[in-house]
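Right, one structure below, let's go through it.
The values are calculated or read from the model by the stated rules, or taken from the named source; none is laboratory data. Keep in mind the model is a prediction, meaning the values are calculated, not measured. Positions of Cβ are generated from backbone atoms using ideal geometry, with glycine treated the same way; all protein chains shown enter the neighbour counts. These accessible areas exclude ligands, DNA and RNA; they are computed on the full protein's heavy atoms, side chains included. Shrake-Rupley method; radii C 1.70, N 1.55, O 1.52, S 1.80 Å.
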Amino acid sequence: MTIPIFYAVDNHYAPYLAVSLQSLMANANPSNTYQIIIMAEDLSKTNRVKLQSLVTASRFHLTFKQINPALLAEITDTDNKLRMDYFTFTIYFRLFIADLFPQYDKAVYLDADTVVLDDISHLYSTPIGDNLIAAAKDPTIAGKPVTAAYATNAIGVAADHYINSGVLVMNLHALRAMQFSSVFLNLLNTYHVTCLAPDQDYLNAMCQQRTAYWTHLGTSKWKRGLAPINH
């Protein structure tokens with residue numbers, strides 16, 4: 001089985017990606033092939049070489065995807081920032097995977113600051129039916145009155161069903177069928193909404209009726225199987 005795994009990264013997150021890659025490979029099933037695609041923005045040649053050097057086993061294939069400047073030009077809302085800190089186009093890259101990689105009908109997306117503690121093929125094999133994505137609920141949103149109100153009133157999603165976009169199983173076939181990226185760009189560039197978590201908020205708003213949740217699928221172990229790197 002070949003498993004496509006996507007990351008989106010710039011130079012800020014290259015060191016964390018190195019850790020995530022090593023953990024993913026250390027726990028991978030030797031009977032599978034893993035196609036790792038890094039969607040890069042402002043990733044230096046030095047960091048590319050370092051990341052590529054981590055991949056030594058033949059069952060792992062690592063490639064870099066530089067996003068087309070024409071697509072970047074369509075993302076005109078550059079005020080929303082990663083963790084309210086700095087702007088990077090990488091926060092939106094996961095939303096274009098379906099269109100950029102038509103050869104895949106399903107894929108795993110991981111944030112660079114995750115540690116993989118189990119074979120990623122288990123996550124990839126999650127049955128999601130005709131849902132657009134499978135994801136874990138984000139308890140920090142429902143746990144605070146301010147963020148719970150934000151999810152409900154600004155995003156239109158029940159706070160206890162607001163998902164974290166850092167770990168996703170993506171139904172790329174279904175996302176292409178609904179022209180997800182075109183709908184997203186229209187919303188982004190028409191309304192220029194200020195978001196708490198830009199890509200995550202749009203995913204929650206657009207996929208809320210077609211999201212499979214880990215807790216509903218018997219895959220809650222993945223809340224333990226992937227962990228954020230502290231930084």
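Some observations on this one:
- Top-ranked residue of the stretch 101-114 - restricted to ones that are over 14 Å from the mean Cα position of the chain (by Cα) and farther than 17 Å from residue 33 by Cα, ranked as least open to solvent (accessible area, probe 1.4 Å): 101
- Counted residues, the stretch 118-127 - those being open to solvent by 50 Å² or more (accessible area, probe 1.4 Å) and either under 20 Å from residue 177 (Cβ atoms) or not small (Gly, Ala, Ser) (or both): 2
- All of (1) modelled with pLDDT under 95; (2) open to solvent by 40 Å² or more (accessible area, probe 1.4 Å); (3) aliphatic (A, V, I, L, M) hold for residue 185 with one exception: (2).
- Answer residue from the stretch 103-133, given it is of a type in the set (Gly, Ala, Ser) and touching a helix residue (DSSP H, G or I) at 6+ places or on another chain (Cβ under 7 Å) and is nearest to residue 213 (Cα to Cα) among those: 107
- Residue tally, condition part of a strand (DSSP E or B) and surrounded by fewer than 17 Cβ atoms within 10 Å (Cβ to Cβ), over the stretch 144-165: 0
- Candidate set: the stretch 117-148, residues that are more than 30 Å from residue 2 (Cβ to Cβ) and hydrophobic (A, V, I, L, M, F, W, C); chosen: the one farthest from the chain's Cα centre (by Cα): 146
- Pairs are defined by a Cβ separation below 7 Å, a sequence spacing of at least 6 or placement on different chains, a first member in the stretch 88-112 that is part of a loop (DSSP other than H, G, I, E, B), and a second member that is modelled with pLDDT of 95 or more and of a type in the set (Ser, Thr, Tyr); the pairs so defined are 112/7; 112/16; 112/20.
- Looking only at the stretch 49-64, residues that are closer than 18 Å to residue 110 by Cα and surrounded by fewer than 18 Cβ atoms within 10 Å (Cβ to Cβ) come to 6 in all.
- The conditions of being part of a helix (DSSP H, G or I) and open to solvent by 50 Å² or more (accessible area, probe 1.4 Å) are not met by residue 130.
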